Amino acid sequence: MTIRAATFADERQIARICLLTGADGGDATGQFTDDAVLADVFAVPYLRGPGCVALVWDVEGQARGYVLAAADTSAFQAWFSNEWWPSRRHREAHTPGDAWLLPSAADPKRCLNAAVADYPAHLHIDLLPDQQGKGAGRRLIDAMCEALRGSGVPGVHLVASAANRGALAFYPRVGFNEIARDATTVTFARDLV
């Protein structure tokens, strides 16, 4: 088990991990008209976007988890809105999942929140269930924070679903502090300087 930089060859497995953990930590298969849409928003763009860093948890040559980050959330959001999302084929909402995800993805301010000023990077982390509870998440977070710190990024944030109890317990254990909360989300941040 090692951490390595993600490659384009990992895209399919990264998308699969995103789907299998995309329902507040559980399997989101079938919640959207197209099972690829969740990864098109929360995973695959981080293999291509500006200033992005993608690391995978590799078990016997296969990605079993990942941590993905954009070092500059504002630049990433501009790229996502102007280039990435318009190139995707997801346009019509047919399921309850589509009804919230598609408008959110189309929002040009989706990733921009009050945390960006002090914590300009943001990240996403997911591990398949058989890899959870083994220290992989901590190792991935530490490796990503070191990579971002090495690039001069002063802080990183993330937004978690308030319904994802596992995530809400995990982030404080790996150095993140809760900085905002609303009815559906919790924002965590970590200083890197």
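Condition (residue is free of Cβ contacts under 8 Å to residues at least 60 places away in the same chain, small (G, A, S) and farther than 18 Å from A69 by Cβ) applied to the stretch 88-109: is it met by at least one residue?
Here is the first cut: in the stretch 88-109, the ones free of Cβ contacts under 8 Å to residues at least 60 places away in the same chain are 88-92, 99-100, 103, 106-109.
Filter again for small (G, A, S), leaving 99, 106.
Imposing the further condition that a residue be farther than 18 Å from A69 by Cβ reduces the set to 99, 106.
Yes, that holds for at least one residue.
Looking only at residues that are under 15 Å from L112 (Cα atoms) and among the hydroxyl-bearing types (S, T, Y) in the stretch 171-193, which one is surrounded by the fewest Cβ atoms within 10 Å (Cβ to Cβ)?
T185
Please determine whether any residue of the stretch 91-109 is farther than 27 Å from T29 by Cβ and not β-branched (V, I, T).
Start the filter on the stretch 91-109 by keeping residues that are farther than 27 Å from T29 by Cβ, which leaves 108-109.
In the following step, the residues that additionally are not β-branched (V, I, T) were identified as 108-109.
Checked against the condition, which is being farther than 27 Å from T29 by Cβ and not β-branched (V, I, T), the stretch 91-109 yields at least one hit.
Is it the case that L168 is outside any helix (DSSP H, G or I), surrounded by fewer than 17 Cβ atoms within 10 Å (Cβ to Cβ), modelled with pLDDT of 95 or more and under 17 Å from the mean Cα position of the chain (by Cα)? Walk me through it before giving the result.
Values: outside any helix (DSSP H, G or I): no; surrounded by fewer than 17 Cβ atoms within 10 Å (Cβ to Cβ): yes; modelled with pLDDT of 95 or more: yes; under 17 Å from the mean Cα position of the chain (by Cα): yes.
Considered against the rule, which asks whether it is outside any helix (DSSP H, G or I), surrounded by fewer than 17 Cβ atoms within 10 Å (Cβ to Cβ), modelled with pLDDT of 95 or more and under 17 Å from the mean Cα position of the chain (by Cα), L168 comes out as no.
Given the criterion of a type in the set (V, I, T), without any contact (Cβ under 8 Å) to a residue 40 or more places away in the chain and closer than 24 Å to L101 by Cα, identify the matching residue among V186, V174, V156. Let's see the steps before the verdict.
Details: V174 fails: closer than 24 Å to L101 by Cα; V156 fails: without any contact (Cβ under 8 Å) to a residue 40 or more places away in the chain.
Going through V186, V174, V156 in turn, just one is of a type in the set (V, I, T), without any contact (Cβ under 8 Å) to a residue 40 or more places away in the chain and closer than 24 Å to L101 by Cα: V186.
Exactly one of (1) of a type outside the set (K, R); (2) touching a Lys or Arg at 6+ places or on another chain (Cβ under 6 Å); (3) closer than 17 Å to G137 by Cβ is unmet by L192. Its number?
Checking L192 against (1) of a type outside the set (K, R); (2) touching a Lys or Arg at 6+ places or on another chain (Cβ under 6 Å); (3) closer than 17 Å to G137 by Cβ, the one that fails is (3).
If you go through the stretch 113-165 one residue at a time, how many are β-branched (V, I, T), surrounded by fewer than 23 Cβ atoms within 10 Å (Cβ to Cβ) and outside any strand (DSSP E or B)?
The total comes to 2.
Within the stretch 64-78, does at least one residue satisfy the condition of being under 19 Å from D35 (Cα atoms) and among the hydroxyl-bearing types (S, T, Y)? First the steps, then the outcome.
As a first pass, look at the stretch 64-78 and keep what is under 19 Å from D35 (Cα atoms): 64-66.
Adding the requirement that they be among the hydroxyl-bearing types (S, T, Y) leaves 66.
Yes; the residues of the stretch 64-78 include at least one that is under 19 Å from D35 (Cα atoms) and among the hydroxyl-bearing types (S, T, Y).
The values are calculated or read from the model by the stated rules, or taken from the named source; none is laboratory data. These figures come from a predicted structure and were not determined experimentally. All Cβ positions, even for glycine, are placed from backbone atoms using ideal geometry, and neighbour counts span all protein chains on display.
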